[in-house]
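Read the structure below first, then the notes.
The values are calculated or read from the model by the stated rules, or taken from the named source; none is laboratory data. These numbers come from a predicted model, not from an experiment. As a convention, Cβ positions derive from the backbone with ideal geometry for all residues, glycine included, and neighbour counts pool all protein chains shown. SASA here: full protein model, heavy atoms, side chains in, ligands and nucleic acids out. Shrake-Rupley method; radii C 1.70, N 1.55, O 1.52, S 1.80 Å.
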Amino acid sequence: MQTAAVRLDGLTLAIHGTTILHGLDMALHPGRITALVGESGSGKSLTALALMGLLPDGAQLGGHIDMAGRDLTQLAEADWLGLRGTEVGMIFQEPMTALNPVQSIGAQVSETLRLTGTDRAEARRIARDRLDRVGLSAIGLDRYPHQLSGGQRQRVCIAMALARHPKVLIADEPTTALDVTTQAQILDLLADLARDEGVALLLITHDLGVVARVADDVAVLEKGQIVETGATEALFRARAHPYTRALLAASQPAPRATRAPGGETMLEARGVTRLYGKVRAVDGVDLTLRAGEALGLVGGSGCGKSTLTRALLGLEDMHAGSIRLAGHPGGTAMARTDRARISVVFQDPYGSFNPRWNVTRIVAEPFHLTGRPDDWRARVAEALVQVGLGAEALDRYPHEFSGGQRQRIAIARALVTAPSVLVLDEAVSALDVRVRAQVLALLADLQDRLRLAYLFIGHDISVVRALCDRVMVMEAGRIVEEGPIAQVFDAPRSEAAQALVAATPRIPDAWLEESG
């Protein structure tokens with residue numbers, strides 16, 4: 001194997017006296033992809049920030065980060081300014097927040113080149129070359145981020161990171177917000193770039209299916225310590241450490257047991273159509289959801305899922321069709337008090353909370369639809385108990401909770417008005433595998449106890465299998481296939497469903513059959 005592009009030797013990190021990383025040993029090699037996996041709070045992102053020299057104030061590094069004989073832990077900020085982009089680059093999770101909305105993509109890709117003295121014409125030529133390299137040859141340099149899709153924006157971020165041909169590239173959850181087909185394209189692109197250009201790629205992810213698809217090597221991080229390392233297939237087959245076994249078990253949620261359909265119709269849509277100019281974003285969609293049933297809605301970016309969901313929630317006008325909610329008029333025609341019958345849980349709970357509000361006020365927020373009942377405080381406390389949180393949470397603030405706890409608070413807020421229908425919009429995609437398993441178990445338990453009807457919008461087929469009874473596949477505004485989960489995913493008939501199944505990253509069954 002080639003000499004390592006960068007090597008961590010006993011790396012430690014403490015912030016304001018609290019030790020976060022405990023003696024990490026890891027090597028990144030040219031042309032190879034190393035995955036760093038572990039739960040939220042294990043230290044993955046801080047490891048990446050240490051490699052970029054972007055640690056917060058109060059951080060103290062120990063040990064060594066060796067790059068071509070130079071110890072990066074000893075660099076001053078002025079030295080880091082010349083290193084970032086040239087020696088080490090980074091791709092962040094959310095491209096829309098990583099990009100400047102008022103600068104063209106050409107200006108952003110060429111920015112690091114201009115800062116190092118490259119003239120404008122040459123910088124634009126290199127920017128054009130880098131955008132071509134990441135598959136954006138048809139996109140002009142003068143386009144802006146909002147004019148691109150999520151996958152295209154992530155490709156721009158990759159082009160920015162590669163503008164000065166760094167030796168090491170760090171990708172921090174680069175595909176979490178993308179649908180599976182776009183995710184597969186980005187992962188294949190990263191793998192090609194690493195091998196064709198000899199880049200040492202550190203991939204930070206909680207998706208072990210992604211690791212199995214592209215990583216050559218894996219390092220498993222638990223509470224700031226690397227507990228297991230090795231070649232990907234060998235490590236997954238052996239899974240020698242209990243923590244590795246726990247992560248792998250949580251990453252494979254069991255499919256939901258087949259249940260007989262039935263129950264009162266809670267949500268019904270007929271011929272729902274929504275136009276944007278001449279584009280039919282939603283084109284004649286029919287949907288039926290019964291009490292106690294979980295219906296999955298899947299499809300690629302731009303297929304119309306979000307527009308349909310907004311119409312069902314009464315946030316988007318229809319040009320044709322009808323919606324009924326528990327027998328009452330739905331959509332934008334629903335009465336104010338009827339809006340309490342349908343609630344939504346979003347992908348990012350922290351982004352949907354007011355950080356200045358405590359949990360009591362956050363969970364009570366939906367009462368503005370119905371007016372606060374006399375027993376509203378008791379109902380807030382009851383909703384928190386339903387999701388496994390106690391009264392001690394009432395006076396705390398969002399930043400005081402973990403990601404999984406925040407999602408439980410979001411679910412409590414959705415439940416406080418006793419809705420009939422719960423819309424789960426990518427509600428577990430931002431969670432690590434063990435927290436995701438806990439939230440999925442909670443959702444299944446709540447549904448069984450409260451007879452809730454779930455509409456689950458997602459792109460992870462294993463999660464849809466674990467929670468849903470039926471699934472609808474959407475493409476170009478239409479439902480192109482629907483049926484029981486096993487029928488659609490095990491023997492997909494439509495090209496859209498076949499593409500989703502093929503693009504979903506998964507751990508080969510043979511890797512999991514060997515005894516650990």
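Data table
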| read-out | value |
| --- | --- |
| Listed residue (Ala249, Gly117, His16) projecting farthest to the positive dipole end of the stretch 6-250, Cβ model | Gly117 |
| Computed label-point distance, nm, for sites Val279 and His64 using a 7 Å Cα→Cβ extension | 5.4 nm |
| Using alpha-carbon coordinates, inclination of helix 105-115 to the longest axis of the chain, degrees | 30 degrees |
| Trypsin sites (Lys or Arg not before Pro) restricted to the stretch 286-336 and DSSP loop, no more than 12 other C-beta within 10 Å | Arg336 |
| Charge-dipole axis of the stretch 124-219 as Lys and Arg at +1 and Asp and Glu at -1 on Cβ define it, positive-most pick from Ala215, Thr175, Leu131 | Leu131 |
| Residue-count net charge about Ala246 - beta-carbon cut-off 14 Å; Lys, Arg +1, Asp, Glu -1 | +1 |
| Cα-based Rg of the stretch 255-308 normalised by 2.2 N^0.38 Å, two decimals | 1.38 |
| Trp357, Trp80, ranked by accessible area, largest first (probe 1.4 Å) | Trp357, Trp80 |
| Antiparallel bridge percentage (DSSP; both residues within the chain; nearest 5) | 55 percent |
| Cα-centred dipole magnitude for the chain, charges only on beta-carbon of K, R (+1) and D, E (-1), debye, nearest 20 | 1160 debye |
| Relative contact order (percent, whole number), the stretch 6-250, Cα cutoff 8 Å, 6+ residue spacing | 29 percent |
| Amide H partners (placed H, <5 Å) of Val6, local residues excluded | Leu28 |
| Relative contact order [Cα under 8 Å, 6+ residues apart], the chain, whole percent | 16 percent |
| Separation of the Ala476 and Tyr350 label points, Cα + 7 Å toward Cβ, nm | 4.0 nm |
| Computed Kirkwood radius, in angstrom, where 1/r is averaged over Cα pairs of the stretch 318-432 | 14.8 Å |
| Stretch gain in nm, segment Leu81-Arg451, where the contour uses 0.36 nm per residue and the Cα spacing is subtracted | 127.5 nm |
| In order through the stretch 145-161: 3J(HN,Hα) via Karplus (6.51 cos²θ - 1.76 cosθ + 1.60), integer Hz, x for Gly, Pro | x, 5, 8, 10, 6, x, x, 5, 5, 5, 5, 4, 4, 5, 4, 4, 5 |
| Coordinate range along principal axes, alpha carbons of the chain, Å, largest first | 71, 52, 48 |
| Hull-based mean projected area of the stretch 448-516, where the convex hull spans the alpha carbons, in square nanometres | 6.5 nm² |
| Spherically averaged projected area of the stretch 117-159 from its Cα convex hull (nm²) | 3.1 nm² |
| Accessible area of the chain divided out per residue, in Å², using a probe of 1.4 angstrom | 43 Å² |
| Convex hull of the stretch 37-190 built on C-alpha atoms - directionally averaged projected area, nm² | 10.2 nm² |
| Rounded percent of accessible protein surface that carbon and sulfur make up, the chain, 1.4 Å probe | 49 percent |
| The chain: angle of helix 180-197 to the longest principal axis, Cα-based, in degrees nearest 10 | 0 degrees |
| Inter-label distance, nm, simple model (7 Å from Cα along the C-beta direction), Gln487/Glu111 | 5.1 nm |
| Estimated [θ] at 222 nm from DSSP helical runs (n ≥ 4, -39500 (n - 2.57)) normalised by residues in the chain, nearest 500 | -10000 deg cm²/dmol |
| Among beta bridges that DSSP assigns inside the stretch 6-250, antiparallel share in %, nearest 5 | 55 percent |
